[in-house]
Amino acid sequence: MAKFHSAAAAAVLSTAFVAPALAADALAAGAEVRGAVLEELTAFAEWQVGGGEIAFGRNEIRRIGDFAHVRAVVTRADGGPIDPDTLVWIREAARPLTLSGVLRHRAGRWMLLEADVEPAGGVDPDRDRRRWALPAGLLPPGCEHRQNWGCGPPAR
């Protein structure tokens, strides 16, 4: 019986020191998850800029459980800027060209639920997604609450 109690006590103690599952965690640069999330966003970004290889500049990924939110500046593969004026369907995009989207981890991979090019003019890029039943804290604060983003590109 002592064996059972010690095993049960170990289980209780080990769970007491685990970080909360629903705390938003920014993914470290170079992390395997960061790479998988950005890879899933790549095809969408290439399609939005009319084909051709792209790279991601500054980006922020917030993850809670199996959901992730991404804001990433899209550049040409050589790091050069993409001019939205050259692409008729995104002429009203923020500069630099920035994507915002939500992904979900299912069946061992990240899947893009929705993404779009952020509009110019300080419009909240996540306004439509704020009505979704996403984990609290996944989306960054709205434009009126951002200090360093200003609803433009990510701060880093």
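The values are calculated or read from the model by the stated rules, or taken from the named source; none is laboratory data. As the structure is a computational prediction, the values presented were derived from the model and not from experiment. Note that we place each Cβ from the backbone using ideal geometry, even for glycine, and neighbour counts take in every protein chain shown.
Against the condition over 21 Å from P140 (Cα atoms), assigned to a loop (DSSP other than H, G, I, E, B) and modelled with pLDDT under 70, how does V12 come out, does it pass? Considered against the rule, which asks whether it is over 21 Å from P140 (Cα atoms), assigned to a loop (DSSP other than H, G, I, E, B) and modelled with pLDDT under 70, V12 comes out as no. I'd like the full set of residues that are farther than 21 Å from V33 by Cβ, surrounded by 13 or more Cβ atoms within 10 Å (Cβ to Cβ) and small (G, A, S), limited to the stretch 71-106. Of everything in the stretch 71-106, those that are farther than 21 Å from V33 by Cβ, surrounded by 13 or more Cβ atoms within 10 Å (Cβ to Cβ) and small (G, A, S) turn out to be A93, A94. Anything in the stretch 113-129 that is at pLDDT 90 or above and surrounded by fewer than 17 Cβ atoms within 10 Å (Cβ to Cβ)? List them, or say none. L113, E114, listed by residue number.
Which of the residues spanning the stretch 93-104 are assigned to a strand (DSSP E or B) and in contact (Cβ under 8 Å) with a residue 40 or more places away in the chain?
Within the stretch 93-104, T98, L99, G101, L103 qualify.
The set of residues from the stretch 45-65 being touching a residue at least 40 places away in the same chain (Cβ under 8 Å), of a type in the set (V, I, T) and more than 15 Å from P81 (Cα to Cα) comprises just one member, I64.
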